[in-house]
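These notes are about the structure you will find just below.
The values are calculated or read from the model by the stated rules, or taken from the named source; none is laboratory data. What you see is a predicted model, and the numbers here were worked out from it, not measured in a lab. Please note: Cβ atoms are built from the backbone with ideal geometry, for glycine as well, and neighbour counts cover all protein chains shown. Areas reflect the complete protein model, heavy atoms only, side chains present, ligands, DNA and RNA absent. Shrake-Rupley method; radii C 1.70, N 1.55, O 1.52, S 1.80 Å.
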Amino acid sequence: MLNFRNLPAVPFLLCVPASLALLEGTKLDPNLVSAAHAESQQATAQPVPTGAREVPARSIPVPNTVSPQMQAIIAQPLNSSWNVVPTTVEEWKARVEKAALGVMAELPHLREALGVTVVPSAIGGVKVFLVTPKAIPARNRDRVLLHLHGGVKVYNPSEAGTREAILLSGFGGFKVISVDYRMPPDFPFPAALDDAVAVHREMLKTTKAKNIGVFGTSAGGSLVLTTMLRAKMEHLALPGAIAPSTPTADLTKTGDSLFTNEMVDNVLVSQDGFIRATILLYANGHDLKDPLLSPIYGDMHGFPPTILTSGTRDLYLSNTVRVHRKLRAAGVEAVLQVFEGQAHGQYNRDITAPETKEYNDEIARFFDLHLGR
């Protein structure tokens with residue numbers, strides 16, 4: 001049995017980029033960065049419609065209905081950098097380096113604790129990491145999961161993007177291909193989507209579609225959904241099941257929880273500020289309602305069975321709920337699980353928390369139920 005008690009809790013990072021050295025030699029466009037900063041600073045909240053409810057200031061207690069580890073996570077203060085928007089290439093690099101130091105240092109301990117190996121490779125001309133558990137159950141030997149990492153499609157390049165893949169591989173006993181997709185400022189939309197689809201297309205040459213599962217959180221969850229839309233457009237076989245968790249399904253500031261959970265979610269805090277800047281960098285002038293940017297506006301008929309995850313304090317709870325309802329309206333088998341008290345993606349923050357194992361067990365169980373059927 002694995003012993004996680006001596007492993008330190010993992011500091012959750014909305015953006016978990018690889019080391020700064022990975023960006024050496026790249027050419028970031030200062031004008032693109034400055035434009036994103038300027039527009040994000042001008043972003044204002046949705047106009048208050050008639051009948052809007054004024055809510056008095058109040059204190060929200062930490063729920064005692066979750067584990068002690070999760071209570072500690074929920075009790076943490078708001079992410080202090082939510083409204084800090086880099087204005088120069090140097091500021092972006094400094095932010096990248098600061099975030100990289102924590103996650104890259106943690107990964108060796110995480111791999112060892114979960115008994116997982118990670119090997120760099122390439123599939124269809126795209127950089128990937130092959131994530132493999134020491135023991136693969138017989139039922140999973142012909143199954144492969146495709147992982148699309150989160151990080152607002154700006155952060156988590158290279159091995160830093162493998163953290164979620166390591167968790168599901170270790171807890172669920174799956175072989176996982178984690179895609180190191182291209183990202184802005186150098187490669188805005190549709191580069192990330194092109195890479196995800198290219199890997200899926202190549203996987204179909206060696207693995208039956210029904211034996212493939214696709215998963216990711218946040219921006220990765222959105223990319224799972226847009227990959228399905230593009231696969232449909234290109235008449236590619238769809239996977240056996242997907243797990244887009246708390247997906248960034250709508251890049252416009254639309255949805256109830258974008259307002260009700262603003263300043264309650266201690267990870268994202270608000271879709272204004274930093275997140276707004278990254279949205280603009282990724283979209284690169286395209287209409288934010290383009291379904292390949294905001295999949296909530298796409299046609300989801302024919303999608304594979306889907307499990308969606310969020311939390312009651314998640315800024316993107318409405319994104320997740322809206323996708324669930326759209327899938328159900330399209331006749332797709334879809335399951336929605338919402339964790340008590342959690343903000344954005346906190347189900348994977350601390351591997352000693354029972355909620356982390358519960359989340360990964362639920363995703364693994366859903367894939368087990370549907371893959372190969």
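Points worth noting:
- Residue 358 satisfies every condition listed in (1) in a helix (DSSP H, G or I); (2) open to solvent by 50 Å² or more (accessible area, probe 1.4 Å); (3) within 21 Å of residue 238 (Cβ to Cβ) except (3).
- When residues of region 226-254 are limited to those that are in a loop (DSSP other than H, G, I, E, B) and open to solvent by 20 Å² or more (accessible area, probe 1.4 Å), the one farthest from residue 304 (Cα to Cα): 253
- Residue check, residue 129 aromatic (Phe, Trp, Tyr) and in a helix (DSSP H, G or I): no
- Test: residue in region 83-102 that is in a helix (DSSP H, G or I), among the basic types (Lys, Arg) and modelled with pLDDT of 95 or more: no
- Here residue 333 clears all of (1) open to solvent by 10 Å² or more (accessible area, probe 1.4 Å); (2) under 21 Å from residue 60 (Cβ atoms) except the condition numbered (2).
- Any hit, region 339-351, residues being farther than 22 Å from residue 153 by Cα and among the β-branched types (Val, Ile, Thr): yes
- A search for C-beta distances below 6 Å between a residue of region 173-188 that is more than 15 Å from residue 162 (Cβ to Cβ) and any residue that is part of a loop (DSSP other than H, G, I, E, B) and open to solvent by 20 Å² or more (accessible area, probe 1.4 Å), counting only pairs 6+ apart in sequence or on different chains, returns 173/136; 173/137; 185/28; 185/29; 186/26; 188/284.
- Given (1) surrounded by fewer than 23 Cβ atoms within 10 Å (Cβ to Cβ); (2) of a type outside the set (Asp, Glu); (3) more than 21 Å from residue 200 (Cα to Cα); (4) within 20 Å of the chain's Cα centre (by Cα), index of the condition residue 117 fails: (4)
- Among the residues of region 261-319, those that are of a type in the set (Gly, Ala, Ser), surrounded by 22 or more Cβ atoms within 10 Å (Cβ to Cβ), within 16 Å of the chain's Cα centre (by Cα) and not in a loop (DSSP other than H, G, I, E, B) comprise 310, 311.
- For region 168-225, the set of residues classified as in a strand (DSSP E or B), farther than 30 Å from residue 93 by Cα and open to solvent by less than 10 Å² (accessible area, probe 1.4 Å) consists of 212, 213, 214, listed by residue number.
- Where residue 68 falls short, out of the listed (1) within 21 Å of the chain's Cα centre (by Cα); (2) loosely packed, with under 14 Cβ neighbours inside 10 Å: (1)
- Filter result for the condition that a residue is without any contact (Cβ under 8 Å) to a residue 40 or more places away in the chain, more than 12 Å from residue 225 (Cα to Cα) and of a type in the set (Gly, Ala, Ser), over 273, 285: 285
- The selection criterion, being open to solvent by 10 Å² or more (accessible area, probe 1.4 Å), over 22 Å from residue 210 (Cα atoms) and over 15 Å from the mean Cα position of the chain (by Cα), holds for residue 134.
- Residue satisfying condition, being closer than 20 Å to residue 363 by Cβ and out of contact with any Leu (no Cβ under 7 Å at 6 or more places or on another chain), within set 176, 116, 126: 116
- Selection status of residue 372, at positive phi and open to solvent by 10 Å² or more (accessible area, probe 1.4 Å): yes
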